Amino acid sequence: MLKEDNKDSDVRYKNPYEYAKYVKKCFDCMRAEGYRVEISERLYYRATKDKKIEQWLENNLTMLPYCMKTLNDIIAVTGGYIVSCICHMNNYNNISTEICASDRFSGTGMLGGRMTSRSVIRTTNVSEIEEQIRYNSIFWTPEAESAGFKAKA
């Protein structure tokens, strides 16, 4: 019985609603412009019951602003920009990041092109998002289509 009491004292919040309020207040990525973070109710609930899941969630939320800045930089170097980005934290070790990017130039080389590419990247943590983008960087390059490549992340 003492062990159960000790487990409860290790968890910061017992109520998922209160924990969600804490996360939205304390993590910059939850109020960021340029991308959105959506955390499932199930993940909030599990984080209130398991310290390991709580730490995983908070570590990933801490890394997310740096990851999104790097993502923007990678796409900008290849001549594109992010139209929208939503990071879905669905469950423990389950992150799905939906990225829509566009080239700065249209097919004719004129500024303001409307070609948009969409990719969904599934990872177990935030640091893997950057790795996936670097690995699939040809997806973001305007030259990919002219070279005959149709890479999808």
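The values are calculated or read from the model by the stated rules, or taken from the named source; none is laboratory data. Model, not experiment: these values are computed from the prediction. Don't worry about glycine lacking a Cβ; one is built from the backbone with ideal geometry, like all the others, and counts go over all protein chains shown.
Filter the range 13-39 down to residues that are acidic (Asp, Glu) and outside any helix (DSSP H, G or I) and give me whichever is nearest to Asp50 (Cα to Cα).
Glu38
For residues that are without any contact (Cβ under 8 Å) to a residue 24 or more places away in the chain and touching a helix residue (DSSP H, G or I) at 6+ places or on another chain (Cβ under 9 Å), scanning just the range 73-89, find the one that is nearest to Arg31 (Cα to Cα).
Per the stated criteria, the residue is Tyr81.
Any residue at all in the range 96-114 that is in a strand (DSSP E or B) and modelled with pLDDT under 70?
yes
May I ask you to verify whether Met89 is under 15 Å from Ser127 (Cα atoms), at pLDDT 95 or above and not β-branched (Val, Ile, Thr)?
Answer is yes for this residue.
Do we find that Leu71 is at pLDDT 95 or above and surrounded by 15 or more Cβ atoms within 10 Å (Cβ to Cβ) in this structure?
No: the conditions fail for Leu71.
Would you tally the residues in the range 27-68 being within 19 Å of Ile99 (Cβ to Cβ), surrounded by fewer than 20 Cβ atoms within 10 Å (Cβ to Cβ) and either more than 14 Å from the chain's Cα centre (by Cα) or in contact (Cβ under 8 Å) with a residue 60 or more places away in the chain (or both)?
1
For the range 45-85, which positions are hydrophobic (A, V, I, L, M, F, W, C) and closer than 26 Å to Tyr13 by Cα?
If the condition is that a residue be hydrophobic (A, V, I, L, M, F, W, C) and closer than 26 Å to Tyr13 by Cα, then Ala47, Ile53, Trp56, Leu57, Leu61, Met63, Leu64 are the ones that fit.
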